[in-house]
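Notes for the one structure printed next.
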Amino acid sequence: ADTIGAIRTSIVEKLVLIHPPLVKKSRALFWSADKTVRAAITVSKRYPDGHYWYAYHPDWDNFLGQGETGLFVLGCIGRGEAFAIPYKWMHSKLDSLNATDNKLTKRKHYQISVHPKSDGQLYLRLNTGADEPLESFKMSV
């Protein structure tokens, strides 16, 4: 958990170099004082086959969509980089993501599966079988 927290803190420190200071709203959600810049920051371990797995919650999608700038940021344990994905890009992919419904909470989340390719770059795997490059969203942490 400390590693996840440290990566999340590092991501926030890098984001405020180009955006206004961000205030923690919850463990994963941050926003600027005027609420125009918003970020949902999530961190994944690296799985044995090299992929990373994240959840993307509909509540996060709504939160990000209510700001002028919304970023869904993927932190990757073991890589000195994260991916700050703009809300509009992420929102446009929702229909191409697998979703899980929690029978107990009656809440769903989207499954974000990020895989490395032979070029060493990470790609978002869609349920269509297509892989979307994340390189243009990369930031060092």
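The values are calculated or read from the model by the stated rules, or taken from the named source; none is laboratory data. All values derive from a computational prediction rather than experimental measurement. No Cβ is skipped: glycine too gets one built from the backbone with ideal geometry, and neighbour counts run over all protein chains shown. With ligands, DNA and RNA removed, areas are computed over all heavy atoms of the protein, side chains included. Shrake-Rupley method; radii C 1.70, N 1.55, O 1.52, S 1.80 Å.
Results, tabulated for the structure shown:
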read-out	value
DSSP bridge pairs, segment 24-73: antiparallel proportion in percent, nearest 5	45
Percent accessible area from carbon and sulfur atoms, segment 12-131, protein chains only, probe 1.4 Å	50
Charge tally in the Cβ shell below 11 Å around residue 78, where Lys, Arg are +1 and Asp, Glu are -1, residue 78 excluded	+2
Estimated inter-spin distance, residue 98 and residue 127, nm [label 7 Å along Cα→Cβ]	0.9
Inter-site label distance for residue 49 and residue 16 at 7 Å from Cα along Cβ, in nm	3.9
Segment 1-61 - convex hull of alpha carbons, volume per residue in Å³	98
Positive-end residue, segment 64-131 charge dipole about Cα centroid, Cβ charges, pick of 105, 66, 94	105
Stretch gain in nm, segment residue 57-residue 108, where the contour uses 0.36 nm per residue and the Cα spacing is subtracted	17.7 nm
Per residue, in Å², the accessible surface of the chain once ligands and nucleic acids are set aside, probe 1.4 Å	55
Sparse-neighbourhood loop sites, trypsin sites (Lys or Arg not before Pro) in segment 73-141 - DSSP loop, at most 11 other Cβ within 10 angstrom	103, 106, 117
Distance between modelled label sites at residue 77 and residue 35, nm, 7 Å Cα→Cβ extension	3.4
Choice from 53, 31, 89 with maximal GNM fluctuation in the chain (Cα, 10 Å cutoff)	89
Antiparallel DSSP beta bridges within the chain, percent to nearest 5	80
